[in-house]
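Below is one structure, written out as structure tokens, with a few remarks after it.
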Amino acid sequence: ICEHVIAIAKRHDVKKVTKSKSMLSEEAQLNVALMAAGIQPVETDLGEYILQIDDNEAPSHIIAPAAHKNLDEVADLFARTHDKPRKTDIPALTREAREVLREHFLTADMGISGGNFLIAETGSVALVTNEGNGRMVTTLPRVHVVITGIEKIVPTLDDFATLMRLLPRSATGQSISNYVSLLTGTRGAGESEGPEKTFFIL
């Protein structure tokens with residue numbers, strides 16, 4: 001995985017990568033490989049971002065990676081890393097992270113996401129998230145790389161619809177997720193959003 005991602009990045013002169021949460025990239029230690037290749041990875045899931053700025057700490061939970069951090073630890077970490085006054089209000093801390101990440105979203109050359117499902121019928125990747133970062137990672141950079149396992153391929157949109165009734169309930173106990181994105185292909189002529197190149201690594 002790492003070799004393929006780095007080869008794509010070098011081919012497209014990528015200097016910065018924004019990432020949405022991907023356990024596969026964690027398992028492959030993709031951030032370490034990117035940094036060794038001189039490419040800056042930026043985690044944009046809030047929990048993953050907290051862990052990254054805390055010396056690239058490993059996640060403690062598949063859905064809530066920073067569940068082991070308390071409010072004071074995050075407040076101290078943000079004040080130290082962002083060089084801003086210490087805050088202990090959760091919405092204020094979230095807003096601060098959003099402001100810091102916005103610059104990365106706007107300047108990244110490549111976005112890397114996982115894929116909850118790949119739909120063979122349409123060639124789409126489906127992303128299911130509770131934060132809006134996945135959409136920023138996949139639509140703003142000029143290159144989008146999807147990393148996922150071959151077991152995520154489903155034949156049709158109907159199959160995807162069936163699985164979407166099960167996934168949020170099984171993962172977080174929600175009836176639906178906040179964001180469901182179906183991404184198909186690259187930016188069309190006259191379109192202002194979407195990648196110029198999309199790659200799937202299975």
Among (1) farther than 30 Å from ASP159 by Cα; (2) open to solvent by less than 10 Å² (accessible area, probe 1.4 Å); (3) touching an Asp or Glu at 6+ places or on another chain (Cβ under 9 Å), VAL42 falls short only on (3)
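Report yes if some residue within segment 68-85 is modelled with pLDDT under 90 and not β-branched (Val, Ile, Thr); otherwise report no.
no
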Residue under evaluation LYS69, criteria (1) assigned to a loop (DSSP other than H, G, I, E, B); (2) in contact (Cβ under 8 Å) with a residue 40 or more places away in the chain; (3) crowded, with 16+ Cβ neighbours inside 10 Å; (4) touching a Ser or Thr at 6+ places or on another chain (Cβ under 9 Å), criterion not met = (2)
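Yes or no: segment 5-21 includes at least one residue that is touching a residue at least 60 places away in the same chain (Cβ under 8 Å), small (Gly, Ala, Ser) and either surrounded by 15 or more Cβ atoms within 10 Å (Cβ to Cβ) or over 20 Å from ARG98 (Cβ atoms) (or both).
We begin by selecting, within segment 5-21, every residue touching a residue at least 60 places away in the same chain (Cβ under 8 Å); these are 5, 8-9, 12-21.
Pick out the ones that are also small (Gly, Ala, Ser) and you get 9, 20.
Keeping just the survivors that are either surrounded by 15 or more Cβ atoms within 10 Å (Cβ to Cβ) or over 20 Å from ARG98 (Cβ atoms) (or both) gives 9, 20.
Yes, segment 5-21 contains at least one residue that is touching a residue at least 60 places away in the same chain (Cβ under 8 Å), small (Gly, Ala, Ser) and either surrounded by 15 or more Cβ atoms within 10 Å (Cβ to Cβ) or over 20 Å from ARG98 (Cβ atoms) (or both).
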For residues in segment 130-168 being out of contact with any Leu (no Cβ under 8 Å at 6 or more places or on another chain) and open to solvent by less than 10 Å² (accessible area, probe 1.4 Å), which is modelled with the lowest pLDDT?
-> PRO168
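Just to check your reading of the model, which residue among LEU101, LEU118, LEU127, LEU77 is over 29 Å from LEU183 (Cα atoms), surrounded by 12 or more Cβ atoms within 10 Å (Cβ to Cβ) and hydrophobic (A, V, I, L, M, F, W, C)? Steps first, answer last, please.
Working: LEU101 fails: over 29 Å from LEU183 (Cα atoms); LEU118 fails: over 29 Å from LEU183 (Cα atoms); LEU127 fails: over 29 Å from LEU183 (Cα atoms).
Testing whether each residue is over 29 Å from LEU183 (Cα atoms), surrounded by 12 or more Cβ atoms within 10 Å (Cβ to Cβ) and hydrophobic (A, V, I, L, M, F, W, C) leaves just LEU77.
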Residue among ALA75, ALA126 that is touching a helix residue (DSSP H, G or I) at 6+ places or on another chain (Cβ under 8 Å), outside any loop (DSSP other than H, G, I, E, B) and over 18 Å from LYS21 (Cα atoms) = ALA75
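Just checking, does segment 45-66 include any residue being among the polar types (S, T, N, Q), open to solvent by less than 40 Å² (accessible area, probe 1.4 Å), in contact (Cβ under 8 Å) with a residue 60 or more places away in the chain and touching a helix residue (DSSP H, G or I) at 6+ places or on another chain (Cβ under 9 Å)? Walk me through how you get there before you give the answer.
Looking only at segment 45-66, we keep the residues that are among the polar types (S, T, N, Q), and these are 52, 56, 60.
Within this subset, residues satisfying the condition of being open to solvent by less than 40 Å² (accessible area, probe 1.4 Å) are 52.
Restricting the remaining residues to those that are in contact (Cβ under 8 Å) with a residue 60 or more places away in the chain gives none.
No, that holds for no residue.
Got a sec? Which of LEU34, LEU24 is under 21 Å from THR198 (Cα atoms), open to solvent by 40 Å² or more (accessible area, probe 1.4 Å), part of a helix (DSSP H, G or I) and not β-branched (Val, Ile, Thr)?
Values: LEU34 fails: open to solvent by 40 Å² or more (accessible area, probe 1.4 Å).
On inspection, the qualifying residue turns out to be LEU24.
The values are calculated or read from the model by the stated rules, or taken from the named source; none is laboratory data. Please read these numbers as outputs of a predicted model, since none were measured by experiment. So basically every Cβ, Gly included, is an ideal-geometry build from the backbone, and we count neighbours across all protein chains shown. The accessibility values were calculated without ligands, DNA or RNA, using every heavy atom of the protein model including side chains. Shrake-Rupley method; radii C 1.70, N 1.55, O 1.52, S 1.80 Å.
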